[in-house]
Structure formats: structure tokens, C-alpha cells
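Colleague: Please find one structure pasted underneath; my questions will follow.
The values are calculated or read from the model by the stated rules, or taken from the named source; none is laboratory data. Everything numeric in this text was worked out from a predicted model, so none of it was measured. Note that each Cβ is placed from the backbone with ideal geometry, even for glycine, and that neighbours are counted across all protein chains shown. For accessibility, only protein heavy atoms count, side chains too; no ligands or nucleic acids. Shrake-Rupley method; radii C 1.70, N 1.55, O 1.52, S 1.80 Å.
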Amino acid sequence: MPTHDLIITGAGILGLATAFLAHRQGRRVHVIDRSDRPVGSSIQNFGHACFTGQSDAAQPLAARSREGWLDAAAATDLWAAESGTVIPAMTAAELTVLEEFAAHRGTEQVHLLTADEIAEAVRNPDLDALGGAHLPLDMRVDPRQAAPRIADWLAENGVEFTWNTHVTEAAGGTVSTSRGEFHADEVVVCPGYQLTSLFPEIAEAHELRICSLVMTLIAAPEHAPTGFAMLTGTSLARYDGFAAMPGAETLRRDLDEREPELRDCIANLMVTDIPQGLLIGDSHAYSLSPEPFIDEGIADLLLDRATSVLGIDSPMVRQRWLGMYADSPTTNLILERPDASTTVAIVASGIGMTLSFGVADLILSGGTADL
């Protein structure tokens, strides 16, 4: 007989969000993970929940995820900031996209800023911006603490965890592992890019691969803003919500001419602050088996462009690393049910932290989404 209502394999943020919501529903939950704590994609990112920049179709899911993050923050006492996101517009093409986006979404989601206001927001009086925007609904968490804190809280409140355990198969309410078999009425598999090992046919159908990202942590100088997340023109060309605006194609051509190096490394130049300093990134490279090496030229390029916007002359680098997450060129979300007891769920792009609680709600409600 099953001793749990629900087994979740994978203690990344999606698995933990699902465990959190299921626990709130009064279900008996068991989480199994191959490591001894969350160490994967969920701690390697910006901790930036860019709800506003997602597509129009994803906005209900983003709103549900925002509610989930606020609920989890209140319950677990994890650090979460509702300070929003600022976006400097350095060119006419960037400003046009922001103006179009503001007209499309309205003032609840987008506040346009003057050149002086955006310079004040990034604490750089010499910034030569034309204007900018503030997205007030966006949030930030500390990616190095959020998933571990949720896991600790769940364990303290009755959710069972089995760490250091390799899952080899999940089907029909049975999870086969390196420690034997576990049984539950329902199994949710959240393996990230390890999907290629567990469900290779699903991975291949969605052309699943690994995206690796060059990222840097620098010390925050005294003049740096706090409560801060910043996107740039490269973000406007990348996030689905901005990229759907009429002026986005002109912006992409402008970036191709003005910042070819950023475009070559598929940059989403952004900065967020966490208690340890300022997170700067990132580039994007795609492979089934990525190499572990950091390209110093790319790291320096991203650092130079970010610090020039913030007016930081001599950044002190504390850490560099390669972030990695599951990616599909065909979808942002893989949500499949290979049998009546099994759900496979992966956010197959770099918006896993953003949409985690919304996707968790879809998983538990039996819903579907086309993202």
C-alpha cells in the first residue's frame, strides 16, 4: 500500500513549489532527489521573477506564480523583494518597444520613466539614457537561499525527503531508485535536463538540450542601488512579452549593428542584487553535453556592459560560474502525463523560477498550458 499521496522526484524549485502547494492541500508528500540539497539550476540563476516580461498568454500563470511566491515567502520566512524591475532605454529603438509595451499592458504593469528618473533608479547620474521603464509587479529572491529554505521548511512541517538517491524509473505509481522502490497514488517527475535519462522519448520529442550561461557575482559598491533588478535592450529582444511588440524587429536589427558581440553570445544582459552582491549575466549556449569551461571573453564582455550602465569603474569579482538549465527550442513548458499516475514537468527555458508556482498549480490541478 502507498504510504504517501504524492511522490515528487527532483528538489529543484519546480519540485519544491509542487511539494509546497500539495502540502498546503493536506496531501502526504515525499520528495526524492539525487543530491543532498538543492544545488542545480535553482541556485545558479538570478532569482529574478520577471512576471511582466512573459507573453500575454502566460500572464495568468505568471500571476498565479506570483501569489505562490508571496505565500511561500510568508510561510517560510525566505527573503523576497517586491521592488520590481527597471529597464533603461539607451536608444530610440529600445524606448519605442517600452512605449509600445506600456500602451499594451497598462500602468498596473508598466511605468514609463524619464531619462533623469532612470538615471536615479540605477544610481548613475552620468547615464546617457533616453528614458526607461519600471515593472512594479516583478519580484526577486535570493537564489542561493530560496530553494534550500523552502526544502527546510517542508521537512520541518512533515514532508518526507530522501536525498542522495538516484531515480531510475517512474511509472504507474512506483518510483524505482538506487535505494529500492517507493509507491504513491501519484508521481510528479521534475528532473530538469535529466529528463534525457528518465524519459528519453519525451526529451527527444521536444528536442531537449542544456543551456549554459556565463554569470558573475561582484561586490556591490556603496553607490549601487539596493532593491534592484535591471533588464536591458537585449532583454527586450528576448523575453516573449517585449519581443511581441511591433518595434521589436527594428530593435533586433539595431542590436545586431550596435552590439554584435552581445548578440553573438545570445546575451540577456541583466543585473540583480542579492545580499551577497550584484549578480551579472548572462550569455546562452546550447548543447546536449556542454563543456564546463567559462569563456573569459564573454564574462568580461557582460561585466563591462553591465558596469558601464551602473557607473561602476572597478568592479570586484567575487565569483564566476556556468549556470545550466533545461531548454527546448519548441516550447517553454513540457507538461506530459505518460500514464494515469505520472506527470512529467519541466520548464524548458530560463523562466523556471518565475513560473514555478504557477506550473506547480497546473500540475496538481491536472491542467495544461501552451507556452
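Colleague: So which trypsin sites (Lys or Arg not before Pro) in region 103-204 end up in coil per DSSP with only 16 or fewer other C-beta atoms within 10 Å? Present the calculation step by step, with values, prior to reporting the outcome.
Modeller: On the way: sites: Arg105, Arg123, Arg140, Arg144, Arg149, Arg179; in loops: Arg123, Arg144, Arg179.
Within region 103-204, the qualifying trypsin sites (Lys or Arg not before Pro) (loop, at most 16 other Cβ atoms within 10 Å) are Arg179.
Colleague: Continuing with this model, one more query. Could you size up the charge dipole of the chain around its Cα centre, putting +1 on the beta carbon of Lys and Arg and -1 on that of Asp and Glu, and report it in debye to the nearest 20?
Modeller: Details: 23 positive and 51 negative charges, 168 e Å.
For this selection, approximately 800 debye.
Colleague: Okay, moving on. So for the chain, taking the charge dipole from beta-carbon charges (+1 Lys/Arg, -1 Asp/Glu), which of Met90, Gly132, Phe161 sits furthest toward the positive end?
Modeller: It is Phe161.
Colleague: Which chymotrypsin sites (Phe, Trp or Tyr not before Pro) from region 291-371 combine a DSSP loop assignment with at most 15 other Cβ atoms within 10 Å? Mind dumping the intermediate values first?
Modeller: Details: sites: Phe293, Trp321, Tyr325, Phe357; in loops: Phe293.
Hits after loop and neighbour filter: Phe293.
Colleague: Right, next: Cα extents of region 17-84 along the three principal axes, largest first, in whole Å?
Modeller: 34, 29, 25
Colleague: Give me the Å³ per residue figure for the convex hull around the C-alpha atoms of region 50-184. Don't jump to the answer; show the numbers that get you there.
Modeller: Details: hull volume 23.2 nm³, N = 135.
Convex hull of Cα atoms, per residue: 172 Å³.
Colleague: Considering region 240-371, what Rg and Dmax in Å follow from its alpha-carbon atoms?
Modeller: Considering region 240-371 through its Cα atoms, Rg and Dmax are 18.0, 58 Å.
Colleague: Name the GluC sites (Glu not before Pro) in region 89-147 that are in a loop by DSSP and that have at most 15 other C-beta atoms within 10 Å, would you?
Modeller: Values: sites: Glu94, Glu99, Glu100, Glu108, Glu117, Glu120; in loops: Glu108.
Hits after loop and neighbour filter: Glu108.
Colleague: Within a Cβ distance under 13 Å of Asp361, other residues only, what is the Lys/Arg minus Asp/Glu net charge? Mind dumping the intermediate values first?
Modeller: Details: positive: Arg24, Arg64, Arg66; negative: Glu67, Asp71.
It works out to a net charge of +1.
Colleague: Which value, in Å³ per residue, describes the convex hull spanned by the Cα atoms of region 177-241? Mind showing how you got there, number by number?
Modeller: On the way: hull volume 16.5 nm³, N = 65.
Measuring per residue, one finds 253 Å³ for the Cα hull of region 177-241.
Colleague: Can you pull the semi-axes for region 130-266, root of five times each eigenvalue of the Cα gyration tensor, sorted largest first, whole Å?
Modeller: The equivalent ellipsoid of region 130-266 has semi-axes of 39, 23, 14 Å.
Colleague: Placing +1 on the Cβ of each Lys and Arg and -1 on the Cβ of each Asp and Glu in the chain, which of Met353, His284, Thr18 has its Cα farthest towards the positive end of the resulting dipole?
Modeller: Positive-end residue among those listed: Thr18.
Colleague: A follow-up question, please. Taking every DSSP beta bridge with both residues inside the chain, roughly what % is antiparallel (nearest 5)?
Modeller: Values: 48 of 64 bridges.
Approximately 75 percent, going by the DSSP bridge assignments.
Colleague: Excluding ligands, DNA and RNA, what is the solvent-accessible area per residue of region 33-157 at a probe of 1.4 Å, expressed in Å²?
Modeller: Values: 5130 Å² over 125 residues.
Ligands and nucleic acids excluded, the figure is 41 Å² per residue.
Colleague: Continuing with this model, one more query. Let me know the Rg and Dmax you get for region 105-145 when you use only its Cα atoms, in Å.
Modeller: When restricted to Cα atoms, region 105-145 yields Rg and Dmax of 12.7, 36 Å.
Colleague: Report, in debye and to the nearest 20, how large the dipole of region 30-90 comes out about its Cα centre when Lys and Arg carry +1 and Asp and Glu carry -1 on their Cβ. Can you show the working numbers first?
Modeller: Working: 4 positive and 7 negative charges, 30 e Å.
Taking the Cα centre of region 30-90 as origin, the dipole is about 140 debye.
Colleague: What part of the accessible area of the chain, given as a whole %, is carbon or sulfur when the probe is 1.4 angstrom?
Modeller: Details: 7200 of 15050 Å².
Ligands and nucleic acids excluded, carbon and sulfur give 48 percent.
Colleague: Also: What three numbers, in Å, describe the spread of the alpha carbons of the chain along their principal axes, ordered from the longest?
Modeller: 67, 39, 39
Colleague: Cα convex hull of region 221-306: mean projected area in nm², to one decimal? Before the final figure, lay out the partial values.
Modeller: On the way: hull surface 29.2 nm².
Computing the convex hull of the Cα atoms and averaging its projections yields 7.3 nm².
Colleague: Restricting to Cα atoms and excluding each atom paired with itself, what does the Kirkwood estimate give for region 318-371 in Å?
Modeller: One decimal place: 12.3 Å for the Kirkwood radius.
Colleague: Something else now. Compute, for region 298-360, the length of the dipole vector about the Cα centre, with Cβ point charges of +1 (Lys, Arg) and -1 (Asp, Glu) only. Units Debye, rounded to 20. Numbers along the way, then the final one.
Modeller: Numbers: 4 positive and 6 negative charges, 24 e Å.
That gives a dipole near 120 debye.
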